[in-house]
1. For the stretch 128-148, enumerate the residues that are under 15 Å from Glu111 (Cα atoms), in contact with a helix residue (DSSP H, G or I) (Cβ under 8 Å, 6 or more places away or on another chain) and not in a loop (DSSP other than H, G, I, E, B).
2. Here's a check for you: in the stretch 38-49, which residue that is out of contact with any Leu (no Cβ under 7 Å at 6 or more places or on another chain) and buried (at least 16 other Cβ atoms within 10 Å of the Cβ) is nearest to Val96 (Cα to Cα)?
3. Can you give me the number of residues within the stretch 169-202 that are without any contact (Cβ under 8 Å) to a residue 24 or more places away in the chain, hydroxyl-bearing (Ser, Thr, Tyr) and assigned to a loop (DSSP other than H, G, I, E, B)?
4. Within the stretch 150-158, is there a residue that is at pLDDT 95 or above, within 17 Å of Ala206 (Cβ to Cβ), in a loop (DSSP other than H, G, I, E, B) and among the charged types (D, E, K, R)?
5. Anything in the stretch 1-30 that is β-branched (Val, Ile, Thr) and exposed (fewer than 13 other Cβ atoms within 10 Å of the Cβ)? List them, or say none.
6. Being at positive phi and surrounded by fewer than 19 Cβ atoms within 10 Å (Cβ to Cβ) is true for just one of Ala138, Ala142, Ala112, Ala74. Which residue is that?
7. If I go through the stretch 223-251 residue by residue, how many of them are out of contact with any Lys or Arg (no Cβ under 6 Å at 6 or more places or on another chain), modelled with pLDDT of 95 or more and part of a loop (DSSP other than H, G, I, E, B)?
8. From the list Lys205, Lys166, exactly one residue is touching a strand residue (DSSP E or B) at 6+ places or on another chain (Cβ under 8 Å), farther than 22 Å from Glu238 by Cα, surrounded by 14 or more Cβ atoms within 10 Å (Cβ to Cβ) and in contact (Cβ under 8 Å) with a residue 60 or more places away in the chain. Which is it?
Amino acid sequence: MQDIYDELARTIDHSLLHPTLTDRELEEGCRLAARYRVAAVCVKPYAVRPAAAWLAGSGVKVCAVVGFPHGSSASEVKRHEAEVACRDGATELDMVLNVGKALSGDWDYVEAEVRLVCGVAHERGAIMKVILETDYLARGGAGLSSDDLKVRLCQLCERAGADFVKTSTGYGFVKGADGRYDYQGATEHDLKLMRASVSPRVQVKAAGGVRDLDALLRVRALGATRCGATATAAMLDEYRRRTAATPATQA
């Protein structure tokens, strides 16, 4: 059971990205991540250095977001942001690609940007995850259907050197005709599609909407090897509760 717990925990990137998080809440989140022995914490760029100090010796990695949450920064800004994050202690980067450029079909721009930031990450021993923001791609673009656009972007990211393709930021809210905002995040359809669109060298990260243990188990079964989550404690506590209630002969 402990081996399975460890495997589940190492699937989780504990997300500390809400804009209102205070310094105290960031520290508490890092302490929680260390206690539950997750794979990484995802933090905003200014929080990388303190997060690295709080997590020193814990085995939990620091992941910095780049171009977050809309991917709209200039490529050189993203490059610099990645350099600073790695300097401050990040060993993983989650970068939002330029969604507007993707929807415009400017493939050369998108690929060059991903390649640029991948180069920064890999030169410094960090891994690179590229966020597609799938909710913004739901209607397709650049003359492609939604699925064809996602497939093309996944393949482009692999060609440019990405280590992961990731569904969402968790903040890609889409405004409907009624003025209300809606969000899906990591859907089963998109996870299957993304896993099938890249080679085994590239991993898939689910993010957005994974809020309980059953959802975590489901995205793992669909091929996601990382999952961004804020409900880390609830999911892993639920796993412990279920396994504690399982007779040893059934374990």
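The values are calculated or read from the model by the stated rules, or taken from the named source; none is laboratory data. Since the structure is predicted, the reported quantities are computational estimates derived from the model, not experimental observations. All Cβ positions, glycine included, derive from the backbone under ideal geometry; neighbour counts span all protein chains shown.
1. Listed by number, the residues that qualify are Met128, Val130.
2. Pro45
3. Of the residues in that region, 0 qualify.
4. No, every residue in the stretch 150-158 fails to be at pLDDT 95 or above, within 17 Å of Ala206 (Cβ to Cβ), in a loop (DSSP other than H, G, I, E, B) and among the charged types (D, E, K, R).
5. Passing the criteria: Ile4, Thr20, Thr22.
6. Only one candidate passes the filter, namely Ala142.
7. The total comes to 1.
8. Lys166
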